[in-house]
Amino acid sequence: MDSSQYILGIETSCDETAASVVKDGKDILSNVVASQIESHKRFGGVVPEIASRHHVEQLTLVLEEAMEKAELQFEDLSAIAVTEGPGLVGALLVGVNAAKALSFAKGLPLVGVHHIAGHIYANRLVAEMKFPLIALVVSGGHTELVYMKEHGSFEVIGETRDDAAGEAYDKVARTLKLPYPGGPHIDRLAAEGTPSIKLPRAWLEEGSYDFSFSGLKSAVINTLHNANQKGEEIDPKNLAASFQESVIEVLTEKTRRAAEQYGAKQVLLAGGVAANKGLRKALEQTFSGRDDLELIIPPLSLCTDNAAMIAAAGSVLFEKGSRAKLDLNGSPGLELTSY
Ligand code: KG4
Ligand code: ZN
């Protein structure tokens, strides 16, 4: 075998069962994702027990496919990296136990990866990371601004105090009777509407990098209720455009301020909401034409949950000497700390 590093990544924290092999921390040899979205759709959100059961059914197949596509044997691997948290505990346990079993059976080192570190490291699969950097992580479960001064070092400088950005999208979509997950539907409607309805922006205290989306979500619901009571029609396209404008304005402006304050050389976008066309455009406009600062936005397939991002983060942690033991557990509330 050559001297390259091969990491098998495993991700089961929510509703995607995923396995991937990444070479030297940045080359994807395989990236297999089995989505469960169809099973959860009719419930309007992810049902934890159903998620766990699907992971159990799918993981072996997904792992075999990832190894086959990478054209490697387990013995060729340098280590196994698995999402240890945060996420749904039952879902996490499936991945963690599979990783531990493989690690024990094949005598391979095991690395526990924080899910958000994974989302951030999806960027390393498309560009070399330059430090210091600011990462904006926006997903169904998280909204965070993370400062990184070097590989493996994470400082959360701002986070949501209530709903995550994706969660707010999904809740607003539900009030507009759009299917789950609602983010892409609101994004599509917003592109066709005009932001004509006045909605709040939660800037919070001066200098804060925290976010809050529950007030905005309530304002949208109130706007709809009030109109209903008066028998007035509200164009969902305009409501979607107004909601989206409020979310994007706050996300973009706080990211810009953080990038300035921390002297960032790069701004990275991560998480499922990175798929949002309005957000991508606003960030591109904000950071375009600057040679001192680079904006990286991974392709969609690497923004939503996948295991290549876990392998990419795992690669760096492995090099830094991080090792998990066989008592590794799923940690639903795991904090993002530096390695
Ligand atoms: O990162 P992700 O796949 O899963 C979590 O770790 O949460 O993110 C899923 C979230 C959902 O809330 C979904 O509605 C949102 O990302 N999302 C979007 C768009 N595409 C997905 N939100 C806004 N605009 C989009 N185009
Ligand atoms: Zn995620």
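The values are calculated or read from the model by the stated rules, or taken from the named source; none is laboratory data. None of these values were measured; they are calculated from a predicted model. Reconstructed Cβ throughout: ideal geometry from the backbone, glycine too, with neighbour counts over all protein chains shown. Just the protein is used for accessible areas: all its heavy atoms, side chains included, with ligands, DNA and RNA removed. Shrake-Rupley method; radii C 1.70, N 1.55, O 1.52, S 1.80 Å.
Exactly one residue out of Gly141, Gly112 is touching a residue at least 24 places away in the same chain (Cβ under 8 Å), within 16 Å of ligand 1 (Cβ to nearest atom) and of a type in the set (Gly, Ala, Ser), and it is Gly141.
Listed by position, the helices (runs of 4 or more DSSP H) inside region 271-332 whose residues that are within 14 Å of ligand 1 (Cβ to nearest atom), of a type in the set (Lys, Arg) and within 19 Å of Thr143 (Cα to Cα) number at least 3 are 277-287.
The rows are residues; the columns are (1) under 22 Å from Thr286 (Cα atoms); (2) buried (at least 23 other Cβ atoms within 10 Å of the Cβ); (3) not assigned by TED's automatic domain parsing to the domain that holds Val82.
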residue: Leu136; (1), (2), (3): yes, yes, yes
residue: Ser139; (1), (2), (3): yes, yes, yes
residue: Glu144; (1), (2), (3): yes, yes, yes
residue: Tyr147; (1), (2), (3): yes, no, yes
residue: His151; (1), (2), (3): no, no, yes
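Within region 140-152, identify whether any single residue is β-branched (Val, Ile, Thr), within 28 Å of Glu319 (Cβ to Cβ) and out of contact with any Phe, Trp or Tyr (no Cβ under 6 Å at 6 or more places or on another chain), and answer yes or no. No, region 140-152 contains no residue that is β-branched (Val, Ile, Thr), within 28 Å of Glu319 (Cβ to Cβ) and out of contact with any Phe, Trp or Tyr (no Cβ under 6 Å at 6 or more places or on another chain).
Of the numbered criteria (1) in a loop (DSSP other than H, G, I, E, B); (2) under 28 Å from Glu294 (Cβ atoms); (3) out of contact with any Phe, Trp or Tyr (no Cβ under 9 Å at 6 or more places or on another chain), the one Pro179 fails is (2). Scan region 308-326 and tell me whether some residue there is without any contact (Cβ under 8 Å) to a residue 40 or more places away in the chain and within 26 Å of Glu16 (Cα to Cα). Looking through region 308-326, none of the residues is without any contact (Cβ under 8 Å) to a residue 40 or more places away in the chain and within 26 Å of Glu16 (Cα to Cα). Is it true that some residue in region 225-239 is within 16 Å of ligand 1 (Cβ to nearest atom) and surrounded by fewer than 19 Cβ atoms within 10 Å (Cβ to Cβ)? There is at least one residue in region 225-239 that is within 16 Å of ligand 1 (Cβ to nearest atom) and surrounded by fewer than 19 Cβ atoms within 10 Å (Cβ to Cβ).
For region 16-46, residues that are under 21 Å from Lys171 (Cβ atoms), within 16 Å of ligand 2 (Cβ to nearest atom) and hydrophobic (A, V, I, L, M, F, W, C) total 2. The set of residues in region 115-132 that are more than 10 Å from ligand 1 (Cβ to nearest atom), surrounded by 24 or more Cβ atoms within 10 Å (Cβ to Cβ) and within 17 Å of Gly158 (Cα to Cα) comprises Ala117, Ile120.
Against the list (1) more than 21 Å from the chain's Cα centre (by Cα); (2) free of Cβ contacts under 8 Å to residues at least 40 places away in the same chain, the condition Ser35 fails is (1).
Return a yes/no flag: does region 189-206 have any residue that is in a helix (DSSP H, G or I), open to solvent by less than 30 Å² (accessible area, probe 1.4 Å) and either in contact with a Cys (Cβ under 6 Å, 6 or more places away or on another chain) or over 23 Å from Arg280 (Cα atoms) (or both). No: region 189-206 contains no residue that is in a helix (DSSP H, G or I), open to solvent by less than 30 Å² (accessible area, probe 1.4 Å) and either in contact with a Cys (Cβ under 6 Å, 6 or more places away or on another chain) or over 23 Å from Arg280 (Cα atoms) (or both). When region 80-99 is limited to residues that are touching a strand residue (DSSP E or B) at 6+ places or on another chain (Cβ under 8 Å) and over 11 Å from Ile10 (Cα atoms), the one that is farthest from ligand 1 (Cβ to nearest atom) turns out to be Gly85.
In region 21-35, the residue that is surrounded by the fewest Cβ atoms within 10 Å (Cβ to Cβ) out of those that are within 19 Å of Ala51 (Cβ to Cβ) and more than 12 Å from ligand 1 (Cβ to nearest atom) is Ala34. Of the listed requirements (1) of a type outside the set (S, T, N, Q); (2) part of a loop (DSSP other than H, G, I, E, B); (3) open to solvent by less than 50 Å² (accessible area, probe 1.4 Å); (4) at negative phi, Gly263 misses just one: (4).
One residue is enough: does region 70-79 have a residue meeting the conditions in a strand (DSSP E or B) and either away from ligand 2 (no atom under 15 Å from the Cβ) or at positive phi (or both)? The answer is yes; a qualifying residue exists.
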